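Report on the structure given below.
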Amino acid sequence: MNPHLLVTQEGAVKTLTFNLPDKKNPVTPEILQGMKQALQAAETDGTRVIILTGAGDDFSAGADLSAGAEDPRNENVTEYLRTAVNPVILMMRQTNIPIIAKVRGVCVGVGFNFALACDLIFAEEKAAFSQIFTRIGLASDGGGAFFLPRLTGYHKAFELMVTGAMIKAEDALRMGIVNQVFAGDLLDAAVQKMANQLANGPYVAIRQMKANLRVGMEGTLAETLDAEAVNQYKCFQTHDFKEGVTAFLEKRRANFKGE
């Protein structure tokens, strides 16, 4: 039992909830350890979709600064990032399980970068985002320098990161940082609908699509073409491909089984 990270499972959908709402859900070592364990378990426990969110009114206020500048982790922050933060970000990107960030309230610093490491970001209309690092004299960590310029372009990312500007949800939508924005009372249902759509869809194809996009974002055209060729074979062997073609020819909705 990890009180800093709530892990719940409903069918094929696993929800990970940062659970320090009185502190706006800072990312603690306990959260990071819990995420490692939950992501590892998801590979074998039937999970098809992961939702990442925060308890209460906020997603995450970023790093846990409760110990102040004298935090012992500051003595070797490089080791802490390499051994605690970075492996979790890499696991999120390297898994073929789709991950949806459900964002309310504050989503800043490394908390923002955990949202960016997800595959979809659905935000409540009052959510606010910031690469807040420079406000406390720090550069980025958690992959912000990788994720953000790929969404906004280099020059806008530079501006947002060096100024630590706070971005409203609608502006984040306009910049391509988030996928959709909802009124507060509609966010839960919208995320659940998307999670169910992914979990009950042609799941082998969805997993391979994430794998293709990962190579497409990080590799060359030749590498992407080869990955698509390899992964398409996996899809051709599935029940869902046969069902999809049959349903298309019969002009009906496909009944996918995710296999």
For the chain, what is the largest minus smallest coordinate of the Cα atoms on each principal axis, given in angstrom and ordered from greatest to least? 65, 40, 34
The range 101-188: antiparallel bridges as % of DSSP beta bridges, rounded to 5, reads 20
Just to compare against my own numbers: the Cα pair-distance distribution for the range 71-181, 5 Å bins, whole % per bin, please. 2, 12, 22, 25, 20, 13, 5, 1
Along the Cα-to-C-beta direction of D45, a point sits 7 Å from the Cα; which residues of the range 1-39 have their amide N less than 15 Å from that point? 1-18, 33-39
Convert 37 °C to kelvin, take the viscosity as 0.692 mPa s, use the Kirkwood radius over C-alpha pairs of the range 132-174 as Rh, and evaluate the Stokes-Einstein diffusion coefficient in µm²/s, rounded to a whole number. 306
Report relative contact order for the range 82-233 in percent, whole number only (criteria: Cα-Cα under 8 Å, sequence separation at least 6). 24
Links that overshoot a 31 Å alpha carbon limit, given the list K168/K210; K14/K234; K24/K257; K102/K242; K126/K251; K36/K242: K24/K257; K102/K242; K126/K251; K36/K242
Among G11, G34, G109, which one shows the highest mean-square fluctuation when the chain is modelled as a Gaussian network with alpha-carbon springs under 10 Å? G11
Added length on full extension, which subtracts the Cα-Cα distance from 0.36 nm per residue, L213 to F158: 17.4 nm
Just name one of T224, V85, Y154: the one whose Cα is farthest towards the positive end of the charge dipole of the chain (beta-carbon charges, Lys/Arg +1, Asp/Glu -1). T224
Out of A101, A205, A117, any idea which swings most in a Gaussian network model of the chain, alpha carbons joined below 10 Å? A205
Taking the Cβ of A211 as the center, what net charge do the other residues with Cβ under 10 Å away carry, scoring Lys and Arg +1 and Asp and Glu -1? +3
Max mean-square fluctuation residue, GNM over the chain, Cα-Cα springs under 10 Å, options N19, N212, N96: N212
Can you pull the three principal axis extents for the Cα set of the range 144-259, in Å, largest first? 54, 43, 20
Compute, for the chain, the length of the dipole vector about the Cα centre, with Cβ point charges of +1 (Lys, Arg) and -1 (Asp, Glu) only. Units Debye, rounded to 20. 660
Around A165, what is the net charge, scoring Lys/Arg as +1 and Asp/Glu as -1 over all other residues with Cβ under 11 Å from its Cβ? +1
Treat each spin label as a single point 7 Å out from the Cα along the C-beta direction, and report the L6 to Y233 distance in nm. 4.5
Restricting to the range 9-165, what percent of DSSP beta bridges are antiparallel, rounded to 5? 10
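Any read-out appearing in this document is the output of simple, stated calculations on the displayed coordinates, not a laboratory observation. The structure displayed is predicted, hence computed values, not measured ones. Cβ atoms come from the backbone with ideal geometry, glycine included; neighbour counts cover every protein chain shown.
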